[in-house]
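Peer 1: First, the structure itself, so that you have it in front of you.
The values are calculated or read from the model by the stated rules, or taken from the named source; none is laboratory data. Computed from a predicted model, the values in this text were never measured in an experiment. Neighbour counts run over all protein chains shown; Cβ positions are idealised from the backbone, glycine included. These accessible areas exclude ligands, DNA and RNA; they are computed on the full protein's heavy atoms, side chains included. Shrake-Rupley method; radii C 1.70, N 1.55, O 1.52, S 1.80 Å.
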Amino acid sequence: QQQVKQSPQSLIVQKGGISIINCAYENTAFDYFPWYQQFPGKGPALLIAIRPDVSEKKEGRFTISFNKSAKQFSLHIMDSQPGDSATYFCAAQGNDNNNDMRFGAGTRLTVKP
Amino acid sequence: EAEVAQSPRYKITEKSQAVAFWCDPISGHATLYWYRQILGQGPELLVQFQDESVVDDSQLPKDRFSAERLKGVDSTLKIQPAELGDSAMYLCASSRYASGGADEQFFGPGTRLTVL
């Protein structure tokens, strides 16, 4: 059922560094690509999302880069902070009859102080 | 800030027993989702409701799982009988608009089920 492939599985970054998480999808009917952040014991929370009509979206320290032709998108966290330590999920959803949200397997990010 | 409520937060049961989870979505949200999240994986959709109607239950193991949203507000997910492989986090989410288009989903804190 996994139609979204996410890498790396885990990531360790020093405080102030850049965290980069990558995702690839197969279904060209997907037209909404959110990133969710999940802390232990909590449900996922929407962090930032993009639609394929733009190649980049930035909100504060978080940026999504989107490559429609390659069917890939990535999350960049600038100036990573220890408070960013969490599991990040990319997802994709279509706007057709089969519009289930498909999640990647997740990336556990650890930001070392 | 409105949140999706779920209970219980934790449930331990023995295999072959029945378990039930409850979800109260954000007020006014038309669409409700139940997901299962196995440790180390992303959430996978079990069932999706629009108001009180099921719009997608293709991934719900119907021999043992059932879900209802009788009045189009809160929802219950039941497993009977529970099996060892059902151990997972069960997440409820809701979104404002009717299904058919991409819309932000708001997740509850989940129910962590352990089947012994």
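Peer 1: So which residues in segment A:77-102 are within 18 Å of A:ILE64 (Cβ to Cβ), of a type outside the set (A, V, I, L, M) and modelled with pLDDT of 95 or more?
Peer 2: A:ASP79, A:SER80, A:ASP84, A:THR87, A:TYR88, A:PHE89, A:CYS90
Peer 1: While we're here: Hey, does segment B:25-32 have a residue that's assigned to a strand (DSSP E or B) and within 11 Å of the chain's Cα centre (by Cα)?
Peer 2: Among the residues of segment B:25-32, at least one is assigned to a strand (DSSP E or B) and within 11 Å of the chain's Cα centre (by Cα), which makes the answer yes.
Peer 1: List the strands (runs of 3 or more DSSP E) that sit entirely inside segment B:35-116 and contain at least 1 residues that are free of Cβ contacts under 8 Å to residues at least 60 places away in the same chain and away from chain A (no Cβ under 14 Å).
Peer 2: The qualifying strands (runs of 3 or more DSSP E) are B:53-56, B:65-68, B:75-79.
Each row is one residue, and each column tells you yes or no for (1) open to solvent by 60 Å² or more (accessible area, probe 1.4 Å); (2) of a type in the set (A, V, I, L, M).
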| site | (1), (2) |
| --- | --- |
| B:ILE38 | yes, yes |
| B:LEU45 | no, yes |
| B:ASP51 | yes, no |
| B:GLU68 | yes, no |
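Peer 1: If you don't mind, there's one more thing I want to ask. Hey, A:THR87 hits all of (1) facing chain B (nearest Cβ under 8 Å); (2) surrounded by fewer than 21 Cβ atoms within 10 Å (Cβ to Cβ); (3) in contact with a Gly (Cβ under 7 Å, 6 or more places away or on another chain); (4) part of a strand (DSSP E or B) but one; which does it fall short on?
Peer 2: (1)
Peer 1: List every residue pair whose Cβ atoms lie under 6 Å apart, where the two residues are 6 or more positions apart in sequence or sit on different chains, the first residue falls within segment B:4-27 and is without any contact (Cβ under 8 Å) to a residue 60 or more places away in the chain and over 23 Å from A:ALA45 (Cβ atoms), and the second residue, located anywhere, is part of a strand (DSSP E or B) and open to solvent by less than 50 Å² (accessible area, probe 1.4 Å).
Peer 2: B:ALA20/B:THR76
Peer 1: State all residues of segment B:14-24 that are outside any loop (DSSP other than H, G, I, E, B) and open to solvent by 70 Å² or more (accessible area, probe 1.4 Å); if no residue qualifies, say none.
Peer 2: Once the filter is applied, which keeps residues that are outside any loop (DSSP other than H, G, I, E, B) and open to solvent by 70 Å² or more (accessible area, probe 1.4 Å), segment B:14-24 yields only B:TRP22.
Peer 1: Moving on. Which members of segment B:70-87 meet the condition of being closer than 26 Å to A:PRO34 by Cβ and surrounded by fewer than 18 Cβ atoms within 10 Å (Cβ to Cβ)?
Peer 2: B:GLY72, B:VAL73, B:ASP74
Peer 1: In segment B:1-36, which residues are more than 15 Å from B:ALA93 (Cβ to Cβ) and small (Gly, Ala, Ser)?
Peer 2: Just the residues of segment B:1-36 that are more than 15 Å from B:ALA93 (Cβ to Cβ), to begin with: B:1, B:7-20.
Hits for segment B:1-36 are B:SER7, B:SER16, B:ALA18, B:ALA20.
Peer 1: Just the residues that are surrounded by fewer than 18 Cβ atoms within 10 Å (Cβ to Cβ) and under 16 Å from A:ARG51 (Cβ atoms), please, taken from segment A:90-104.
Peer 2: Of the residues in segment A:90-104, the ones surrounded by fewer than 18 Cβ atoms within 10 Å (Cβ to Cβ) are A:95-98.
A:ASN95, A:ASP96, listed by residue number.
Peer 1: Something else about it: Tell me, which residue of segment A:50-84 that is touching a Pro at 6+ places or on another chain (Cβ under 8 Å) and surrounded by fewer than 18 Cβ atoms within 10 Å (Cβ to Cβ) is farthest from the other protein chains (Cβ to nearest Cβ)?
Peer 2: Result: A:PRO82.
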